[in-house]
1. Check every one of the helices (runs of 4 or more DSSP H) wholly within the stretch 101-207 and list those with 3 or more residues that are within 22 Å of Ser91 (Cβ to Cβ) and not hydrophobic (A, V, I, L, M, F, W, C).
2. So how many residues does the stretch 118-149 have that are open to solvent by 40 Å² or more (accessible area, probe 1.4 Å) and of a type in the set (A, V, I, L, M)?
3. Restricting attention to the stretch 269-289, and to residues there that are open to solvent by 60 Å² or more (accessible area, probe 1.4 Å) and assigned to a helix (DSSP H, G or I), which single residue is modelled with the lowest pLDDT?
4. Condition first: under 10 Å from the mean Cα position of the chain (by Cα), crowded, with 16+ Cβ neighbours inside 10 Å and free of Cβ contacts under 8 Å to residues at least 40 places away in the same chain. Now tell me which residues in the stretch 193-208 satisfy that.
5. Tell me, yes or no, whether the stretch 76-83 has at least one residue that is at pLDDT below 95, part of a helix (DSSP H, G or I) and not aliphatic (A, V, I, L, M).
6. Can you name the number of the only condition in (1) open to solvent by 10 Å² or more (accessible area, probe 1.4 Å); (2) without any contact (Cβ under 8 Å) to a residue 60 or more places away in the chain that Ile190 fails?
7. Give the residues of the stretch 106-117 that are open to solvent by less than 70 Å² (accessible area, probe 1.4 Å) and polar (S, T, N, Q), sorted by residue number.
8. Taking into account only those residues within the stretch 225-239 that are open to solvent by less than 30 Å² (accessible area, probe 1.4 Å) and over 10 Å from Leu254 (Cβ atoms), which is farthest from the chain's Cα centre (by Cα)?
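The values are calculated or read from the model by the stated rules, or taken from the named source; none is laboratory data. A quick note: this is a predicted structure, and the numbers were derived from the prediction, not measured. Neighbour counts run over all protein chains shown; Cβ positions are idealised from the backbone, glycine included. Quick note on the areas: whole protein, heavy atoms, side chains included, nothing else; ligands and nucleic acids left out. Shrake-Rupley method; radii C 1.70, N 1.55, O 1.52, S 1.80 Å.
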Amino acid sequence: MSTRENSYTEAEALNLLAQLERILDLDPLIDEVGFIHPSQFATLKEEIGDSLSLEDRVHESTSFWIRDHKLGISTQILIPVYKAAKHAFISALRQYKTPGNFSGKSQDDTLAIEVMIHSKALLLLSCDFATAWNSRKLIVSNKRLLPILMDELHLSALVLSYSPKSEQAWSHRRWVINMIARNCSTLQWIIERESELVEKIAERSKMNYRAWNHRCWLVSFMTREQVLDELKKSRNWSGLHVADNSCFHYRRRLMLRNLEGFCYTQDNNSSGYFVETYQIWKEELDWNESLIKQYVGREALWLHRRFLSMYLIKHMATHLLAVSCQSKPKASVDIDIDSLMDHELCLVHSCSTTIADANFEDFQAQAIHSAAYMLWLTKQIPEYQGIDIQEKLRAGVGDVTRMLKRSCPDRSSLWDYLVGYHSEP
């Protein structure tokens, strides 16, 4: 902690807090918060020059910077302002929770406003202050007005602009959406905005599990049309971020959601629904194969393929048999899975043999991932398929194992163990 940070008096800290809260009140459209080193303020002023508006000049100081609805806070004042905001918030919350302050009188409204003002400033300085989030839930749940709920979404988005992995902010966002869902017949416009927000944050914050987990949670509110639209829109992003398993997990959640609709369809159109769903699955498999060949050694792509293959083998084949049991014999289903296995064997073989003339780690990783996929595949074939497919797979495993021993001889014992384990019935 610097000497300057300790030099602020209590009155100065309260004055800085008042400035921050005034800025937030005067510009409700602020959509991004950042923290700036004091030495950067002079540079920012030089870059802007005389183009500052009258409103921006009012806000201009050595502690805060606001421009185009972007707020910068000096790192030098963080600790004193945080302490002042925490003290003000705790004091206001204690008064608000005093017995008798829930009667809906004007004094109670004034206390609630104070809690909301101070908690907002506090959360912009310390995003994981759970008590501040919970106090806002308490007050909002007593109001249950859509504008207030939308303000909460705006605040959480503001927090996520500087702390995109804040679990408290994402959790609060889900709580708000659940509150809106109780009073709103449709959430399509909310879902669309949320999906766009997650994609925007994921672009800036790589491998953001919490953001993608939030997007997966939204799927349960989607209609089938939205699910299909999200599959189309997220495909391009996923194709450009093949190392991020979270985006493929999101696609898996969408595909399962679409599959749920087929499971609950009992009318005469169930056969047509299945054909469309099956086509979506096949297109995803083909697209995944093209990515595997284009981006060598990406484990997320092979894990995604496991999911696709598993549901084609087990779930989709079962429903195909149920839908067409009166007009299509069981042997036809076997032939489809047999063709799928032949194709998978060719893919694994092509990906594994690529390493023969290459010593790069990505090619070695590709061979290892394809071999692991082959070993996994041998355990996924239903028993009623007979021994033909199993024999093909075991023969393929043998070829892949010999190749792995040549390319990665230091792991020969591991390959022998895995092959022996997966060869057991």
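1. Passing ranges, in order: 106-125, 130-143.
2. Total meeting the criteria: 4.
3. Result: Val275.
4. The answer is Ser195, Val198, Glu199.
5. Yes, the conditions are met somewhere in the stretch 76-83.
6. (1)
7. None; the set is empty.
8. The selected residue is Gly239.
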